[in-house]
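Notes follow the structure.
Coordinate-derived values only; no laboratory data. Keep in mind that this is a model prediction, so the values were computed, not measured. Glycine also receives a Cβ, built like all others from the backbone with ideal geometry; neighbour counts cover every protein chain displayed.
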Amino acid sequence: MRSPVQEYLESIVDQCRSTDGEVASYIPELADADPDRFALALATVDGHVYTVGDADARYSIQSISKPFTYALALSDQGTEAVDAKVDVEPSGDAFNEISLASDTGRPRNAMINAGAITAASLVAGDSGEPRFERVLEWYGSFAGRDLEVDEDVYSSELATAHRNRAIAHMLREFQILEGDPEESLAQYVRQCAISVDTRDLALMAATLANGGVQPVTGTRVLETTSVERVLSVMATCGMYDSAGDWISAVGMPAKSGVSGGIIAVLPGQVGLAVFSPRLDSHGNSARGVELCERMSRDMEMHLMHVGRSSNTAVRNRYPLSQVASRRRRPDADQAVLDEHAGRSVVYELHGDLLFAGAEHVVRAVVEDAPELAVVDVRRVDDVADVARVALRGLRSMLREAGSEAAVVDPHGVLHDPDAGTEHASPFFEDRDSAVRWCEDELLRRHGDGPADERAHVDDHPLLRGLSPDARRVIDDAMEHLTFTDDELVLEAGAPFAGVHVVVSGTAVATVEGPNGDRTHAVAMNPGTSFGELALGADDVQETSIHADGDLTLLRLSAESIDRITADQPQVAVEMWRAMARDGYRMADRALRSGVERG
Ligand code: GLU
């Protein structure tokens, strides 16, 4: 199946076939270029490359080399040392102007020849061949393949490089170059003669778009801070003396070269390369400029284009009272939660958390001032460092106000820098566990603590309403059972086995999925009981019950119930009445518990 992206790229190449402009001729070897060659390549940050036209045809990289050598100088010497030699101010001059900034005495930027020759001199390594080998290898790591020099272009340009030679000697005179100016000149001219095709250039651009990681090889070539620096200089100075026009019309950091190439970078998305040797009056590929303007418009690639505002980071926000955890709570505990859970809030976040998204979350939480918060980031794709810092600040603020946020982050997108320390927020694999944690915390704050911190047998609805006689009979009939972690207590499908009162620990009911996987349905702790629901399901146990940690139960078995019913009708009536009351109580709670979300 043909990709619509491919079709679009082909159609746009077809529409930009004007024959304005002249091939550069001041470098003799370039004058021979076929003026009608035309190629386009677009490389995505995940390494897919679309090409149209003659994308494998080779030509010398020329000035498109400048950002890459500047990047190497930054990476070899550090930003400060490079800044001491080359400025980052747009010059508005022609690329080969023989001048230095009158105020600083330095070349204006690394995209004009004076700055580029200086950058070439800042590449580390022994002078001559070894240093150039580093340059060649460096470009190759952006392109993802080994590159070579077009020796004819090199010697043709070196023999006629009077202007660049003048610039190099001027740089030496003003001590911007510290070594032999001829060597820096040769180094620069040689880097301009490195042979590439349009596909290579798109991948080189995509490496910058991808924050310095080559999208196909996955190698980190350049640190992100240097990527930012290089792209900024490309944005303001990359298109000779039409940089202002370009950034207004196309809106992408770019660099062009006199052989007819242009690269453009859309950070985080794509690297673009066009090749067409006819140049406009600024020395930029005429068709290349037209094509990039069209693409930027059609595909909304302008960096200043405001696509969507990022104020939707909080997709859902509701009080904790709307999402009772699946833990069955005894009445007293439930009453505490009914009263207090409305002042704690669940926040479901989604998308990429950049600055604006994090600000939105922080504002929502500050507005609510929740007693406790559940922050659910399961649907968050990516978190910028600035967002991480904001969320950390939010946590300290909550703590100062006596609050705490339980974080649901099974994929670890938050990368809490405090993970593993006492400062970390409580983290949970699923929302139910976080909600349960908040409920327990509310019970500690407003009640006697969660039921599993107390012994509750006497309070159990099955036992507490019985007369002393009936209670004695039932107590005698109940068996004391213990289970260890994960041990099966009741199996789904088994016949009614009796009523089980949790004495200590936790039992979990699970439902078996179609693939045999267990879905955790309900957790039961002291003060609750299970097994009796089978009476409402043709005497068949519908869920499997396992111990979650050590578990102690009192069981009034089905046989005991039958025996009491037959032998002691008085006790049986009391017992059945208590069971019915407990059944109605659970049904009522289920009806009132609201909608279980997400
Ligand atoms: N090597 C060429 C020069 O310095 C590069 C010019 C360019 O591509 O702009 O003249």
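For the stretch 263-347, what value does the Rg/Rh ratio take when both radii are computed over Cα atoms and Rh is the Kirkwood radius, given to two decimals? With Rh from the inverse mean 1/r over Cα pairs, Rg/Rh is 1.53. Relative to the globular-protein estimate of 2.2 N^0.38 Å, the Cα radius of gyration of the stretch 320-378 stands at 1.36.
Of the peptides 135-143, 298-306, 68-76, 361-369, the order by per-residue mean of other Cβ atoms within 10 Å, starting with the highest, comes out as 68-76, 135-143, 361-369, 298-306.
Placing a label point 7 Å from the Cα of THR225 along the Cα-to-Cβ direction, the residues of the stretch 55-99 whose backbone N falls under 19 Å of that point are 70-88. Taking packing as the residue-averaged number of other Cβ atoms within 10 angstrom, the listed peptides 267-280, 79-92, 575-588 run from highest to lowest as 267-280, 79-92, 575-588. Figure legend: label point modelled 7 angstrom from the Cα of ARG343 along Cα→Cβ; residues of the stretch 399-430 with amide N under 14 Å from it are 401-404. Compared with the alpha-carbon gap, the fully stretched path from ASP34 to GLU559 is longer by 179.2 nm at 0.36 nm per residue. Legend: Rg and Dmax of the stretch 365-452, from Cα coordinates, 13.2, 41 Å.
Using only Cα positions of the chain, each an equal point scatterer, no hydration layer, compute I(q)/I(0) via Debye at q = 0.09, 0.10, 0.11 Å⁻¹ and quote the log10 values to two decimals. With no solvent term, the Cα-only Debye profile gives -0.78, -0.86, -0.96.
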